[in-house]
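The values are calculated or read from the model by the stated rules, or taken from the named source; none is laboratory data. Just so it is clear, the model here is predicted, and its values are computed rather than measured. Note that we place each Cβ from the backbone using ideal geometry, even for glycine, and neighbour counts take in every protein chain shown. For accessibility, only protein heavy atoms count, side chains too; no ligands or nucleic acids. Shrake-Rupley method; radii C 1.70, N 1.55, O 1.52, S 1.80 Å.
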Amino acid sequence: MPPLSVMFKTVSTDCNLDCSYCYYRESIEGMRVRRRIEPAMLERFVPAYMDYVADTGSASFAWQGGEPLLAGLDFFRNAVALQLRHAHRGTSISNALQTNATLVTDEWATYFSEHNFLVGVSLDGPKEIHDRERKDRGGHGSFERVMAGLERIRRHKVDFNVLCVVGPHNVGMARETMRFFRREGVDYLQFIPAMDFQSIDPEKPPAYLITAEAYGEFLVQVFDEWYGGGAPSISIRTFDNFLQSFLGIQNDLCVHADQCDAGIVVEYNGDIYPCDFYVHPQWKLGNVFEDELATLCTSPRRTAFLEQKQPLPAQCQRCNYRRCCKGGCPRARVSPDDNSKDSDYFCSSYIRFFEHAEAKLTMLRDRLANRLRYLQQVELTLASGGPKQGRNDRCLCGSGRKQKACCADPAFAGSYLWRE
């Protein structure tokens, strides 16, 4: 079987915050209703999933909501115990959890650390920006509580990244937002544009809270802050994925992949969907209690979903940046019922970005390729017992420059891109 990641909507839409732009605040059964995954569902699903991924040797669990910490710590203790009990020998298990961090205590952070959870923290920038939209149901900002939770995550040495929603509250403050994250020591960052639609309405035309022009300018300004002097020190997922495309490597962001494959989404009641933008009966694949996982994953409905990007709109097929953008997200197409004509709402954003960043991304691509050759040559030289290369010798990557000004340049040692 091919690899398969699973996203659990652990408490469905239930959340202790009430962010105005949340695309998962409404469900078919109502808004912010209290729901929880029952143990019986996990006991049914986890063994089947571990059997399904046994050949790949990789089991990937993502816990989202709403706010997944509302499920309680005992829920996660039980979930991880089931994973370990039913994993096949040699299976690597990963757990990622997306949280607003307001409920993170030392007990939670200790658990995440002990069980190697990757924790995503939702944070939109400094207090004056974050608190405009990320409020609780009483209308109070959440920034101080988020930062307190993040401090506990740091103190317990939990691996974390930050997810920042780009909306009217921060789209015009790209540089200020980036500098805040840099001051806070955030090393891994992801930006997503604020949506004005719900996951239960996939048939409705897409609507966003920012214009394509504003988002394009935001990407340009963030890129310049990220790129610096050509040795980025912060990982930004969108830029990492574009760079992978420049290198000819398949990226891991479904928006810019060849097909719509983000794994499967499992709701609190066991219903399974192909994506959390498409939690609607017309895209329901089945239910944990009623259907075999292998049957669901190979069903005609899931196949149709995976292939819905193709054919790309005519505008995309003519585009110079198709190899990197790959048509964007079908959910963001202006007219999703007519794929032959309309492109991603943010098409002009990406064109603006690539026109600005292409030369620098090409330079990073070439430098990464050189770095790889350099490391390979260093390894071969050491293995053969050859002489150690000096800093003034020609670089082993073949650039013709001295090593101290090329792949051994200490000025680039801080970049996450070419750390050994």
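The structure shown yields P(r) over Cα pairs in 10 Å bins from 0, in percent, and of the options (1) 4, 19, 29, 28, 15, 5, 1, 0; (2) 4, 16, 22, 20, 16, 13, 7, 2, 0, 0; (3) 4, 21, 32, 30, 12, 1, 0 that calculated value carries the label (1). Peptide packing: for 43-54, 310-321, the average count of neighbouring Cβ atoms within 10 Å per residue gives the ranking 43-54, 310-321, highest mean first. Each label point was placed 7 Å from the Cα along the Cα-to-Cβ direction; for residue 348 and residue 289 their separation is 5.0 nm. Where the accessible area of the chain is counted over protein heavy atoms with a 1.4 Å probe, how much of it, in %, is carbon and sulfur? Answer for the chain: carbon and sulfur cover 50 percent of the accessible area. For residue 402, the residues whose amide H sits under 5 Å from its own are 395, ignoring neighbours fewer than 5 places away on the same chain, with H placed 1.01 Å from N.
Taking amide H as placed 1.01 Å from N in the peptide plane, residue 166 has its amide H under 5 Å from the amide H of 192, 194, each at least 5 places away in sequence or on another chain. Put simply, the amide H of residue 263, placed in the peptide plane, has neighbours under 5 Å in 5, leaving out anything fewer than 5 places away on its chain. The length gained by stretching the chain between residue 247 and residue 203 to full extension, at 0.36 nm per residue less their Cα-Cα distance, is 12.3 nm. Over the chain, accessible surface divided per residue gives 45 Å², non-protein components excluded, 1.4 Å probe.
For the pair residue 301 and residue 88, a Förster radius of 30 Å applied to the C-beta separation gives a FRET efficiency near 0.60, rounded to the nearest 0.05.
Across the chain, Cα pairs under 8 Å and at least six residues apart give a relative contact order of 15 percent.
Under 16 Å from the Cα of residue 127, which aspartates and glutamates turn up, not counting those fewer than eight places away in the same chain? Filter leaves 136, 144, 151, 176, 184.
Cross-link list 284/326; 284/309; 157/360: which exceed 22 angstrom alpha carbon to alpha carbon? From the list (284/326; 284/309; 157/360), the Cα-Cα distance tops 22 Å for 284/326; 157/360. Span-like helix check, the chain: qualifying full DSSP H segments, with Cα axial length of 15 Å or more and mean Kyte-Doolittle of -1.0 or more, are 39-52, 73-86, 143-155, 212-227, 347-384.
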